[in-house]
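To start, the structure itself, in structure tokens.
The values are calculated or read from the model by the stated rules, or taken from the named source; none is laboratory data. Treat the numbers as computed from the prediction; the structure is a model and nothing was measured. All Cβ positions, glycine included, derive from the backbone under ideal geometry; neighbour counts span all protein chains shown.
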Amino acid sequence: MPTLLQQRRSLGVVLCQRDAYTSMHCGRVEYLCRLLGLACELNSHERSLLRVASRLHDIGKIGIADDVLFKKSQLDDAEWEIMKRHSELGQTICEAIPHANASQLGTIVRHHHEAFDGSGYPDGLSGTEIPVCSRIISLADSYDAMTTDRPYQKAIPHEKAMAIMRSEKGSKSDPRLFGYFVKIMAALAERPGFSSIGGGLSS
Ligand SMILES: [Fe+2]
């Protein structure tokens with residue numbers, strides 16, 4: 001039976017064929033999550049789940065219709081509700097992977113848009129009800145979403161993204177994990193030529 005990493009690779013190819021932007025986003029999020037998993041002292045089982053889940057966190061977008069997925073302006077409320085289904089679709093896809101850890105993987109993917117204060121989706125989980133790997137993915141996802149160009153939104157600079165994330169500490173993000181994120185980003189920002197993960201470093 002293929003390993004989870006091998007399954008991740010083939011689903012990554014599927015995602016890249018469907019939506020190259022999202023695939024590159026997932027690659028950058030995986031890169032940050034690997035650093036965060038080490039910094040947060042996750043055990044090796046959690047780190048391997050985090051690696052696969054971060055690469056596949058948006059795999060559910062392959063099931064979102066083109067007119068929503070590739071819309072070049074802001075989504076309206078109805079379209080946004082359709083887009084939000086990607087986390088549950090992602091869980092369904094991950095649970096179909098023939099592997100003993102598929103269910104755990106699906107749970108992590110399902111909850112990557114939950115918020116620490118319970119205001120996220122799809123289930124409104126809060127605090128440590130949200131799987132730790134989902135909370136880590138959420139941090140990396142937020143940073144990458146802000147610091148890379150999207151069809152309807154220009155990238156913002158690293159410092160501005162960090163300031164926004166600081167303001168969301170405890171509401172959107174886990175304050176303890178955000179502390180690790182700050183340390184990692186401070187170390188990355190010291191690298192020559194850094195501007196942001198998307199703009200300044202390869203993933
Ligand atoms: Fe997502």
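Looking at this structure, is Arg28 within 14 Å of the ligand (Cβ to nearest atom), within 23 Å of Ile136 (Cβ to Cβ), part of a helix (DSSP H, G or I) and of a type in the set (D, E, K, R)?
It is true that Arg28 is within 14 Å of the ligand (Cβ to nearest atom), within 23 Å of Ile136 (Cβ to Cβ), part of a helix (DSSP H, G or I) and of a type in the set (D, E, K, R).
Tell me, please, whether a residue that is at pLDDT 95 or above and loosely packed, with under 15 Cβ neighbours inside 10 Å can be found in the range 54-63. Checking the range 54-63: not a single residue is at pLDDT 95 or above and loosely packed, with under 15 Cβ neighbours inside 10 Å.
For the range 98-144, filtered to residues that are part of a loop (DSSP other than H, G, I, E, B), within 16 Å of the ligand (Cβ to nearest atom) and hydroxyl-bearing (Ser, Thr, Tyr), the residue that is surrounded by the most Cβ atoms within 10 Å (Cβ to Cβ) is Tyr121. Among the residues of the range 145-166, is any among the aromatic types (Phe, Trp, Tyr), part of a loop (DSSP other than H, G, I, E, B) and free of Cβ contacts under 8 Å to residues at least 60 places away in the same chain? No, every residue in the range 145-166 fails to be among the aromatic types (Phe, Trp, Tyr), part of a loop (DSSP other than H, G, I, E, B) and free of Cβ contacts under 8 Å to residues at least 60 places away in the same chain.
The C-beta contact set for the range 78-107 (first residue within 17 Å of Leu11 (Cβ to Cβ), second residue within 16 Å of the ligand (Cβ to nearest atom) and modelled with pLDDT under 95, distance under 8 angstrom, 6+ apart or interchain) comprises Ile93/Leu11; Ile97/Leu11. For the structure I just gave you, tell me whether Gln17 is within 13 Å of the ligand (Cβ to nearest atom), part of a helix (DSSP H, G or I) and of a type in the set (S, T, N, Q). In short, no. Say whether the condition of being within 13 Å of the ligand (Cβ to nearest atom) and among the small types (Gly, Ala, Ser) is met by at least one residue in the range 68-84. No - not one qualifying residue is present in the range 68-84. Do we find that Val52 is under 17 Å from the mean Cα position of the chain (by Cα), within 12 Å of the ligand (Cβ to nearest atom), among the hydrophobic types (A, V, I, L, M, F, W, C) and assigned to a helix (DSSP H, G or I) in this structure? Against the criterion (under 17 Å from the mean Cα position of the chain (by Cα), within 12 Å of the ligand (Cβ to nearest atom), among the hydrophobic types (A, V, I, L, M, F, W, C) and assigned to a helix (DSSP H, G or I)), Val52 does not qualify.
The requirement of being under 22 Å from Leu89 (Cβ atoms), surrounded by 18 or more Cβ atoms within 10 Å (Cβ to Cβ) and among the small types (Gly, Ala, Ser) is not satisfied by Ser173. Would you pick out the residues in the range 18-33 that are of a type in the set (A, V, I, L, M, F, W, C) and free of Cβ contacts under 8 Å to residues at least 60 places away in the same chain? Result: Ala20, Cys26.
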